[in-house]
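Structure, as structure tokens:
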Amino acid sequence: MPTPLMPDRLLRAILRDARAHRPRECCGLLVARGDRVESHLPLRNATSAPAAFSIDALDCAAAEQRLRRTGRRPAGVYHSHPFGPPHPSRRDRDLLWGEHAGWQLIVTPGGAWALWQPTRGPWRLLQQGAL
Ligand SMILES: [Zn+2]
């Protein structure tokens, strides 16, 4: 699948989510229709640990089901780094790869963002920018 264009309004909406959740991490799904990432679906961060996020498997399955009923699908996951750069942490690299990983968007409350393709090795940077 080609690298998606990240619509500005989508990045701004996720940035608002990141700022609202600071100092915790926000998280959710990137939502696609066809080949386009068109929106996001915020999900509950199931961990209270600092500098971490966890998406509950049941929450995720329910969200995916809702999306598919309306012709949309999850294209990846977003989360925020309240205190660090939008680069995958060791924990991100350990946990977020595999069949369900999809694209990984990381945003900071300051407006920096980066879209990654997770791999077993170093993640591949697809796009980055600042709002
Ligand atoms: Zn992270």
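Listed here are the residues, each with its yes/no results for (1) among the hydrophobic types (A, V, I, L, M, F, W, C); (2) in contact with a Lys or Arg (Cβ under 9 Å, 6 or more places away or on another chain); (3) farther than 19 Å from I106 by Cβ.
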position: R19; (1), (2), (3): no, no, no
position: V37; (1), (2), (3): yes, no, no
position: R44; (1), (2), (3): no, no, no
position: R68; (1), (2), (3): no, no, yes
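Screening A18 on (1) in contact (Cβ under 8 Å) with a residue 60 or more places away in the chain; (2) more than 18 Å from A112 (Cβ to Cβ); (3) in contact with a His (Cβ under 9 Å, 6 or more places away or on another chain) shows it passes everything except condition (2). Across segment 1-29, the number of residues qualifying as under 15 Å from G129 (Cβ atoms) and not small (G, A, S) comes to 12. Among residues of segment 36-64 that are farther than 21 Å from P82 by Cα, those with a Cβ under 7 angstrom from a residue that is at pLDDT below 90 and of a type outside the set (G, A, S), sequence gap 6+ or separate chain, pair up as R36/P4; V37/P4; V37/M6.
Assess whether R72 counts as being among the charged types (D, E, K, R) and either under 15 Å from L10 (Cβ atoms) or surrounded by 19 or more Cβ atoms within 10 Å (Cβ to Cβ) (or both). Judged against the criteria, R72 is a match. Taken over segment 1-37, the criterion of being of a type outside the set (K, R), more than 16 Å from the ligand (Cβ to nearest atom) and touching a Leu at 6+ places or on another chain (Cβ under 7 Å) is satisfied by T3, M6, L11, V31, V37.
The values are calculated or read from the model by the stated rules, or taken from the named source; none is laboratory data. The shown structure was predicted, so the numbers you read here are calculated from the model rather than taken from an experiment. As a convention, Cβ positions derive from the backbone with ideal geometry for all residues, glycine included, and neighbour counts pool all protein chains shown.
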